[in-house]
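The block underneath contains the structure these notes are about, expressed in C-alpha cells.
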Amino acid sequence: MVLDVPFIFERKSIMRKKIKGPLLLLIAALIWGSSFIVMKNAVDFLTPAVLLLVRFTLASIFLVILFYKKVITYPRHKVMSGLLTGCCLFFAYYVQTRGLAFTTPGKNAFLTAVYCAIVPFLVWLFYRKRPDTYHFIAAFLCVIGIGCVSLNGDLSINKGDFLTLVGGFLYAIHILMIQRFSQDVDGGAFTTFQFIGATCIALCVTLISEDISIIAQIKPTIFLQIFYLAFFATAVTMLCQTIGQKYTNECYASLILSLESVFGVMFSVLFYGEILTAQVLLGFILIFISIVISETKLSFLKRS
C-alpha cells in the first residue's frame with residue numbers, strides 16, 4: 001500500500017484550520033465576556049470618559065504599530081469616514097460604561113448584545129430592506145427578555161439598564177456605519193482610524209465634563225486592567241476575529257461570537273458575586289436565543 005503523503009499533510013492542514021478558526025473566535029468571545037467585569041472594576045475608580053480616553057489611546061497606539069504600513073497608505077479621502085465611525089463608537093462605549101456604574105456586569109453584557117436584534121430594523125428604516133420572519137421572532141423574544149432582565153415590579157427600569165440599552169442602540173448604528181464606510185478599504189487601517197477618532201472625542205468629553213488630572217492618580221492595579229482592555233480586549237480580539245472568520249462559516253462564527261454575553265454573565269457570577277433570579281435568568285436565555293436566531297437564522301440546525 002502506497003501512502004499519498006501530500007494528501008495526508010493537506011488533510012492535516014485543513015483540520016488544523018477547521019479547529020483554529022472556531023478556537024480563535026471562542027478566545028475573542030471569552031476575552032470580550034471578561035471585559036465587562038474588568039470594566040466594572042475600573043469604572044469604580046475612574047470616570048467613564050477618562051477610562052475610555054486611556055483605553056482608546058493605548059488601543060490606537062497598538063493598532064498603529066500593528067497596521068503601520070496600511071495606515072500610512074490609507075486613502076486620505078476616506079480617513080474622515082473612519083474618524084466619524086470612531087465618534088459613534090465612543091458614544092456607544094461611553095453610554096454603556098456609564099450604565100455599567102449602575103447595573104451588574106451580567107446585565108450590561110446581555111442588554112448591550114440586543115444590538116444584534118436591532119440592526120435588521122435599522123436597515124429596514126434606512127435602506128428599505130424588510131427584515132425576514134426570523135428577525136421578527138428574534139425581536140419579539142428580545143423584547144420579552146429585556147422586560148425580564150430590566151423591569152422592576154412597578155414596570156420601571158433602573159438608570160443603568162436604560163443607559164445600557166441606549167448603548168446597544170448606538171452599537172447598532174455603529175455597525176451600519178461600518179457597513180457604509182468600510183467597503184473597499186483595509187479593515188485593519190479602518191479600525192485604527194476608528195479608535196483614533198474615538199480617542200479624539202474622548203479627550204474632548206473629558207476636558208469638557210470630567211477631571212483629566214485623575215489620570216495621574218491611576219493606581220497600578222487599575223492601569224493593568226486598562227491595559228488588559230486596550231491590548232487584549234481590543235487588539236488581540238480583533239486579530240482573533242479577523243483570522244478566525246477566515247476559516248469559519250459565517251453562521252457558526254456569529255454563533256460562537258454571541259457567547260460573549262454568556263461569558264459576561266459567567267464572569268460576573270464567579271468574580272463579582274452577581275446573583276441571578278429566575279426572572280433575570282429567563283431574560284438572559286430569551287435574549288441569547290433572540291441573538292442566535294437573528295445572527296444565524298437557525299441555519300446550523302439545517303442539513304446541507
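Quick notes on this one:
- Highlighted here are the helices (runs of 4 or more DSSP H) found entirely within the stretch 110-229 that include at least 2 residues which are touching a Ser or Thr at 6+ places or on another chain (Cβ under 9 Å): 115-127, 133-150, 159-181, 187-209.
- Residue in the stretch 203-216 that is touching a Gly at 6+ places or on another chain (Cβ under 8 Å), surrounded by 17 or more Cβ atoms within 10 Å (Cβ to Cβ), among the aliphatic types (A, V, I, L, M) and within 21 Å of GLN96 (Cβ to Cβ) present: no
- Filter result for ALA189 (closer than 30 Å to PRO75 by Cα and surrounded by 17 or more Cβ atoms within 10 Å (Cβ to Cβ)): yes
- Of the residues contained in the stretch 267-279, one or more are found to be crowded, with 20+ Cβ neighbours inside 10 Å, modelled with pLDDT of 90 or more and either closer than 15 Å to PHE36 by Cα or of a type outside the set (D, E, K, R) (or both).
- Single condition PHE162 does not satisfy, out of (1) in contact (Cβ under 8 Å) with a residue 24 or more places away in the chain; (2) closer than 14 Å to ILE118 by Cα; (3) among the aromatic types (Phe, Trp, Tyr); (4) surrounded by fewer than 18 Cβ atoms within 10 Å (Cβ to Cβ): (2)
The values are calculated or read from the model by the stated rules, or taken from the named source; none is laboratory data. Every value quoted in this text rests on a predicted model; they were computed, and no experiment measured them. With ideal geometry, Cβ positions are generated from the backbone for all residues, glycine too; neighbour counts draw on all protein chains shown.
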